[in-house]
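S.K.: Have a look at this one before I ask anything.
The values are calculated or read from the model by the stated rules, or taken from the named source; none is laboratory data. Just so you know, these numbers come straight off a predicted model, no measurement behind them. Cβ: placed from backbone, ideal geometry, glycine included. Neighbour counts: every protein chain shown.
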Amino acid sequence: MARGGLLLFGGSFNPIHVGHLIIARAAAEQLGVERTILIPSAAPPHKTGSDLAAPEDRLEMVRLAVAGEPGFEVSDIELRREGPSYTLLTVQAYRQQVGADVPLYWLIGGDTLPELHSWYHIAELVDLCRIVTAVRPGFETPDFSTLFGCLSLAQIQRLRESILSTPRIDISATQIRARVREGKSIRYLVPESVADDIAQGQLYH
Ligand code: ATP
């Protein structure tokens, strides 16, 4: 894969956890990008649960998580936009910023790969950037069959070739929210600053 470029990592980050941070760092290193931008979604089209923290709270946790980390930035681009957080619109905005020649990567986890068929204008998105996948425990062998109707074989092949060898981290935001509800410790699962913020804001309690 080409060196240089920009790695974009979107998510609900409800909350951000060390799984996100470890795969983002590993992906950035493998791709040779100097800048990684974490992008909390305002209204994730696929997640409308009642335990979704306010966008501003999720953004703040991401800010705390990456504070002082070289090469890592946070963007509120999806919070500033009206309507659902379609990835295509975000990538279009970055593509316009960096120009046609700079490699643009969008990072997802292995569980997201078979869901791409439901993403807004996915074929266009696949051509506009390179979607790279971090394997996730439980989703080691991604199922591409769901993508046959909406992507060409060449596009699916490109996704297949863009599976990174990142560490397998079996941590999810769902687990963390459940632990907070149950009064269990989330130390080591999220950065300390994020754990403090969750406690102070009584998030997920
Ligand atoms: P939830 O448990 O609430 O569904 P999550 O832990 O999957 O949340 P998201 O913010 O929804 O976190 O994830 C953003 C992106 O990061 C998604 O593409 C997801 O697949 C990926 N991701 C999250 N955790 C991991 C992990 N431990 N390993 C690999 N990918 C991950």
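S.K.: Tell me which of these residue 190 doesn't satisfy, since it passes every other one: (1) more than 19 Å from the chain's Cα centre (by Cα); (2) at pLDDT 95 or above; (3) not polar (S, T, N, Q).
M.R.: It is condition (1) that residue 190 fails.
S.K.: Is it true that residue 105 is within 15 Å of the ligand (Cβ to nearest atom) and closer than 24 Å to residue 30 by Cα?
M.R.: yes
S.K.: Residues in segment 160-173 that are over 16 Å from the mean Cα position of the chain (by Cα) and modelled with pLDDT of 95 or more: how many?
M.R.: 2
Results for (1) surrounded by 16 or more Cβ atoms within 10 Å (Cβ to Cβ); (2) basic (Lys, Arg); (3) more than 14 Å from the ligand (Cβ to nearest atom); (4) modelled with pLDDT under 95, shown as yes or no for each residue.
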{"position": "1", "(1), (2), (3), (4)": "no, no, yes, yes"}
{"position": "4", "(1), (2), (3), (4)": "no, no, yes, yes"}
{"position": "13", "(1), (2), (3), (4)": "yes, no, no, no"}
{"position": "17", "(1), (2), (3), (4)": "yes, no, no, no"}
{"position": "22", "(1), (2), (3), (4)": "yes, no, no, no"}
{"position": "33", "(1), (2), (3), (4)": "yes, no, yes, no"}
{"position": "36", "(1), (2), (3), (4)": "yes, no, no, no"}
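S.K.: Kindly indicate whether any position in segment 63-85 is of a type in the set (Gly, Ala, Ser), modelled with pLDDT under 95, surrounded by 22 or more Cβ atoms within 10 Å (Cβ to Cβ) and within 13 Å of the ligand (Cβ to nearest atom).
M.R.: Yes, the conditions are met somewhere in segment 63-85.
S.K.: May I pose another question? Could you list all residues from segment 73-90 that are of a type in the set (A, V, I, L, M, F, W, C), touching a helix residue (DSSP H, G or I) at 6+ places or on another chain (Cβ under 7 Å) and farther than 11 Å from residue 39 by Cα?
M.R.: 88
S.K.: Taking segment 116-171 as the search range and keeping residues that are more than 14 Å from the ligand (Cβ to nearest atom) and of a type in the set (Ser, Thr, Tyr), which one is nearest to residue 9 (Cα to Cα)?
M.R.: The selected residue is 120.
S.K.: For the structure I just gave you, tell me whether residue 160 is surrounded by 11 or more Cβ atoms within 10 Å (Cβ to Cβ) and among the charged types (D, E, K, R).
M.R.: It is true that residue 160 is surrounded by 11 or more Cβ atoms within 10 Å (Cβ to Cβ) and among the charged types (D, E, K, R).
S.K.: Restricted to segment 1-32, and to residues that are out of contact with any Lys or Arg (no Cβ under 8 Å at 6 or more places or on another chain) and in a loop (DSSP other than H, G, I, E, B), which residue is nearest to residue 54 (Cα to Cα)?
M.R.: Among residues in segment 1-32 that are out of contact with any Lys or Arg (no Cβ under 8 Å at 6 or more places or on another chain) and in a loop (DSSP other than H, G, I, E, B), the one nearest to residue 54 (Cα to Cα) is 17.
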